[in-house]
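Engineer: Dropping a structure here in structure tokens format, bear with me for questions.
The values are calculated or read from the model by the stated rules, or taken from the named source; none is laboratory data. Predicted model only: the values in this text are computed from it and were never measured. Here the Cβ positions follow ideal geometry from the backbone for every residue, glycine too, while neighbour counts run over all protein chains shown.
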Amino acid sequence: MRPGERLPSTRELTARYGVSPVTLSRALAVLAAEGLLITRPGSGTYIAERAARAAEPPDLSWQTLALGDRTVDPTSVAFLLQAEPAGAMSLAGGYPHPSLLPNRALGSALARAGRRPDASDRPPPAGIPALRAWFARTLGTGVSPEDVLVTPGAQAALSAAFRAIVPSGAPVLLESPTYIGAIAVARAARLRTVPVPLDEHGVRPDLLAAAFAATGARLLYCQPTFHNPTGTVLASHRREQVLAAARAAGAFVIEDDFARWLSHERPAPAPLLTDDIDGRVIHIASLTKATSPNLRVGALIARGPVAERLRALRLVDDFFVPRLLQEAALELVSAPAWRAHLARLAAALAERRTALLAAVSDQLPEVRVSRLPAGGLHLWARLPDHIDDLALAAQARSAGVLVGPGRPYFAAEPPAPYLRLSFAAVRDVDELRQAVHRLTEAMRH
């Protein structure tokens, strides 16, 4: 049809193509979004005018000089969010499979939130009071709702905390290995990343104190509970040692508590924040992993001048988190279904974790998993020295299975090759075993 021509009526089109009016309306909406159709209320739907195609692409080379040498490398983070190729199985995903998420309960929570009389009102910049109070209650004694700042997910909170505390060019201490999103945020902010090794009990306090002394750093980023990627939990006898090292250096500690709702057999240990006596710990909480990748609701908990700076920075960045999203999160976690969901999720993660370890031990005896995590979504697998983890990940993708190479999780040279293997992103235990079989085939090459 030519631009400007009117489409046949809905009745004609549904009869011609043998589809329902709902299907037809969805198809027309897609075409309108692509700019191929235009709807005129009371008149009908018409073919849109086609934009004239430029004869020559514009010369954008001037931007290279204007932008300078600052770059943002999203490669590692983009890997976490990549779409799975058709037919592929994922042992690399950072979120639980949709079948493990409370989709029906979340849908109901969104519907209830949308019916609230104040659903379209602008929320307070720090977050709606009831949600701030819920975060404070879940973190234990000593946390006030006034200490809580609602954020659009943990990644945004992490970015704000790094920028608020550490000036460009200054050092920041990171556990080694650590969450690749933290490395990406630090480098995008032009910070110097200084790795501090950890062992089976968490970050090593002796090396942490040495790193503070050698670099003059004023910030440590750590994951004391169900560490990503290793699954480590900071040992109780080290908690005060870590805080003491930071206190001696006059430094802050960012506690990334992303996996609090991903425990397996028993509740997660109390946050490091509860041991903090002088406002040293900045706590990052998140609901996203246990609910939905689309429920990007998290929180920053801080006290004193740093809390004021964080509130100011978040206000400048994006004003506030949409009220509807906050209300939906509150509706979800306040419903009886929330605790039932967490219990089902814990049982499913424990089953999958055990099944993945068994499959790796059976099919890949040369790969060593030294720790069975008590929470989280991943196993941290040590490869034989002669295997290149990046090359293996590429070969595995060709074999139809996605895995996470270990190298990007290190801020400096890795001590050995590793894989991060997710046990939560596949459909079920059978698919998990099939994925390990495909990985076995990839390793033979």
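Engineer: Can you say whether ALA86 is surrounded by fewer than 10 Cβ atoms within 10 Å (Cβ to Cβ), of a type in the set (A, V, I, L, M) and closer than 30 Å to LEU377 by Cα, as far as the supplied structure shows?
Structural biologist: On the way: surrounded by fewer than 10 Cβ atoms within 10 Å (Cβ to Cβ): yes; of a type in the set (A, V, I, L, M): yes; closer than 30 Å to LEU377 by Cα: yes.
In short, yes.
Engineer: Residues that are closer than 30 Å to ASP428 by Cβ and modelled with pLDDT of 80 or more: find the helices (runs of 4 or more DSSP H) completely inside the stretch 4-110 holding 3 or more of those. Steps first, please.
Structural biologist: Details: elements: 10-17, 21-33, 62-67, 75-80.
Once the helices (runs of 4 or more DSSP H) in the stretch 4-110 are filtered for at least 3 residues that are closer than 30 Å to ASP428 by Cβ and modelled with pLDDT of 80 or more, nothing remains.
Engineer: Can you pull out the residues in the stretch 330-350 that are over 15 Å from TRP261 (Cβ atoms) and exposed (fewer than 15 other Cβ atoms within 10 Å of the Cβ)?
Structural biologist: Listed by number, the list holds a single entry, PRO336.
Engineer: Now a separate question. Failed condition for GLU146, given (1) at pLDDT 90 or above; (2) in contact with a strand residue (DSSP E or B) (Cβ under 7 Å, 6 or more places away or on another chain); (3) in the same structural domain as ARG296 (by TED's automatic domain parsing), with all others met?
Structural biologist: (2)
Engineer: Given the conditions (1) surrounded by 23 or more Cβ atoms within 10 Å (Cβ to Cβ); (2) in contact with a helix residue (DSSP H, G or I) (Cβ under 7 Å, 6 or more places away or on another chain), and given that PHE135 satisfies all but one, which numbered condition is not satisfied?
Structural biologist: Result: PHE135 passes all but (2).
Engineer: Can we say GLU265 is within 23 Å of HIS97 (Cα to Cα) and in contact (Cβ under 8 Å) with a residue 12 or more places away in the chain?
Structural biologist: Yes; evaluated as a whole, the condition is true for this residue.
Engineer: Right, here's the next one. Since PRO74 meets every condition but one in (1) without any contact (Cβ under 8 Å) to a residue 24 or more places away in the chain; (2) surrounded by 10 or more Cβ atoms within 10 Å (Cβ to Cβ), which condition does it not meet?
Structural biologist: Only one criterion in (1) without any contact (Cβ under 8 Å) to a residue 24 or more places away in the chain; (2) surrounded by 10 or more Cβ atoms within 10 Å (Cβ to Cβ) is unmet by PRO74, namely (1).
Engineer: If only one of ARG353, ARG397 is out of contact with any strand residue (DSSP E or B) (no Cβ under 6 Å at 6 or more places or on another chain), within 24 Å of CYS222 (Cβ to Cβ) and surrounded by 15 or more Cβ atoms within 10 Å (Cβ to Cβ), which one is it?
Structural biologist: Only one candidate qualifies: ARG353.
Residues checked against (1) in a helix (DSSP H, G or I); (2) at pLDDT below 95; (3) surrounded by fewer than 23 Cβ atoms within 10 Å (Cβ to Cβ):
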{"residue": "PHE258", "(1), (2), (3)": "no, yes, no"}
{"residue": "GLU265", "(1), (2), (3)": "no, yes, yes"}
{"residue": "ALA285", "(1), (2), (3)": "no, yes, no"}
{"residue": "ARG296", "(1), (2), (3)": "no, yes, yes"}
{"residue": "VAL306", "(1), (2), (3)": "yes, yes, yes"}
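Engineer: Limited to the stretch 372-417, what total is found for residues that are free of Cβ contacts under 8 Å to residues at least 40 places away in the same chain and in a strand (DSSP E or B)?
Structural biologist: Total meeting the criteria: 2.
Engineer: Right, something else. In the stretch 171-193, which residue that is assigned to a strand (DSSP E or B) and of a type in the set (Ser, Thr, Tyr) is surrounded by the fewest Cβ atoms within 10 Å (Cβ to Cβ)?
Structural biologist: THR193
Engineer: Which residue out of LEU349, LEU330, LEU377, LEU345 is modelled with pLDDT of 90 or more, touching a Leu at 6+ places or on another chain (Cβ under 9 Å) and under 12 Å from LEU421 (Cβ atoms)?
Structural biologist: When all the criteria are applied, what remains is LEU377.
Engineer: Within the stretch 308-329, take every residue that is touching a Gly at 6+ places or on another chain (Cβ under 8 Å) and not in a helix (DSSP H, G or I) and give me the one that is surrounded by the fewest Cβ atoms within 10 Å (Cβ to Cβ).
Structural biologist: Going through the qualifying residues, I end up with PHE320.
Engineer: Being more than 16 Å from ALA88 (Cβ to Cβ), outside the structural domain of ARG192 (by TED's automatic domain parsing) and in contact with a helix residue (DSSP H, G or I) (Cβ under 8 Å, 6 or more places away or on another chain) narrows it down to one residue among VAL403, VAL429; which is it?
Structural biologist: On inspection, the qualifying residue turns out to be VAL429.
Engineer: Say we look at the stretch 194-230 and pick out the residues that are assigned to a helix (DSSP H, G or I) and not hydrophobic (A, V, I, L, M, F, W, C); which of these is farthest from ALA160 (Cα to Cα)?
Structural biologist: Once the filter is applied, the top-ranked residue is ASP206.
Engineer: Does any residue of the stretch 429-439 turn out to be out of contact with any strand residue (DSSP E or B) (no Cβ under 7 Å at 6 or more places or on another chain), closer than 28 Å to ARG260 by Cα, modelled with pLDDT under 95 and of a type in the set (Gly, Ala, Ser)?
Structural biologist: no
Engineer: Say whether the condition of being out of contact with any Lys or Arg (no Cβ under 8 Å at 6 or more places or on another chain), closer than 15 Å to HIS283 by Cα and assigned by TED's automatic domain parsing to the domain that holds ALA245 is met by at least one residue in the stretch 164-181. Before you say what the answer is, go through the steps one by one.
Structural biologist: If we filter the stretch 164-181 for residues that are out of contact with any Lys or Arg (no Cβ under 8 Å at 6 or more places or on another chain), which is where we start, we get 167, 173-181.
Of the ones still in play, those that are also closer than 15 Å to HIS283 by Cα are none.
Checked the stretch 164-181: no residue is out of contact with any Lys or Arg (no Cβ under 8 Å at 6 or more places or on another chain), closer than 15 Å to HIS283 by Cα and assigned by TED's automatic domain parsing to the domain that holds ALA245.
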